[in-house]
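Everything below concerns the one structure shown next.
The values are calculated or read from the model by the stated rules, or taken from the named source; none is laboratory data. Just so we're clear, the structure is a prediction, and the values are computed from it rather than from any experiment. Cβ sites come from the backbone with ideal geometry, for glycine too, and all protein chains shown count toward neighbours.
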Amino acid sequence: MGPKRFKRGQILVIFSLALPVLIGSIGLGADVAALYFNWVEMQKAADAAAIAGANYLPGDPAQAQSVADTYAENNGIAQNEIASTTVAPDDLSITITVQRSVAYSFARVLGLTNANIKAAATAGLQPNPDAARGVMPVGLPCSSGNCSYNVGKHYTLKPGPNGQLGPGNFAPLSLGGNGANVYRNNIVLGYMGKLSIGQNIYPETGNLVGPTTQGFTTRIDLGQTIYPGANPSSPSQYDPRLVIVPMVNYSGAQGKSQQVTIVNFALMFVDSVNGSSANIDAVYLGTVPSTDLTGSAPSDFGLLTPILLQ
């Protein structure tokens, strides 16, 4: 046997011994990747669920739990995968824990059948020192010639089909994305991003009768259920009908092509929404002064905003 043939024989033996190890490593890598993919998806769902639930704190802990569970399921978590959804004793934070059993594919040769993975998220109400959060995606017109509103007076927050503010602009704002679903969710939950005075944003085109009616009806019905005796003169600071509305300069608005500017933030109490025109009747309670955005007392409206805590 020649030396070259002997070397080839050695390589073949070594390769034969190493091949199962290589295949096993690739297989285990695939299983680990599957576990990681599932964990990432579960963590994203838990984060979204916790934030959604925290919007109903501290006024309605039961609703906070229900909304959190619903959001988790809407983001790919099965009902039996929700391990727990709990609100803290002070009603200022909510934690949701989800878990899933993921079957192994290649690790079965090692006697492993499945792995249990878990994800958890906590969201709570924290002071926001920078800008307003939780605002409505509807602007209150505030141009140089029309920016005078009287405290305690009813105003039509959204003018409807006969009150365009620009070509295709009826007051809705595009916050965090375009489309009816984003707009409706921003009404129900409040826009979670930061908005500041002087910031330029894009309007949302169309009268959006259905999403407007659905979103504000949800807020009004919930407010009437939790605070049946509340009215604009004595609202609870956690009443979902009490909203922060950006005061917007719509001068030069041109559909979705031209940005509009936030001039200030108004505090308003939503009384009703017209299902046929999507006009919103709301009481103007004044602007939200900058000092209100930097305090820390729970009584300062607009400060306690939902954020992920962990």
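Worth a mention:
- Close Cβ contacts (under 8 Å, 6 or more residues apart or on different chains) running from residues in segment 165-183 that are over 20 Å from THR217 (Cα atoms) and touching a residue at least 60 places away in the same chain (Cβ under 8 Å) to residues that are of a type in the set (Phe, Trp, Tyr) and assigned to a loop (DSSP other than H, G, I, E, B) comprise LEU165/TYR250; GLY166/TYR250; ASN169/TYR250.
- Filtering segment 211-235 to residues that are surrounded by 14 or more Cβ atoms within 10 Å (Cβ to Cβ), out of contact with any Ser or Thr (no Cβ under 7 Å at 6 or more places or on another chain) and not in a helix (DSSP H, G or I) leaves PRO232, PRO235.
- Taken together, the criteria place VAL98 among residues that are crowded, with 18+ Cβ neighbours inside 10 Å, out of contact with any Ser or Thr (no Cβ under 7 Å at 6 or more places or on another chain), of a type in the set (Val, Ile, Thr) and assigned to a strand (DSSP E or B).
- Residue, modelled with the lowest pLDDT, within segment 269-286, restricted to residues that are surrounded by 16 or more Cβ atoms within 10 Å (Cβ to Cβ) and either closer than 27 Å to SER196 by Cβ or not assigned by TED's automatic domain parsing to the domain that holds LYS153 (or both): LEU285
- Count of segment 149-166 residues which are assigned to a loop (DSSP other than H, G, I, E, B), surrounded by fewer than 19 Cβ atoms within 10 Å (Cβ to Cβ) and at pLDDT 85 or above: 5
- Restricting attention to segment 241-268 and to residues that are free of Cβ contacts under 8 Å to residues at least 40 places away in the same chain and not in a strand (DSSP E or B), the residue that is surrounded by the fewest Cβ atoms within 10 Å (Cβ to Cβ) turns out to be SER257.
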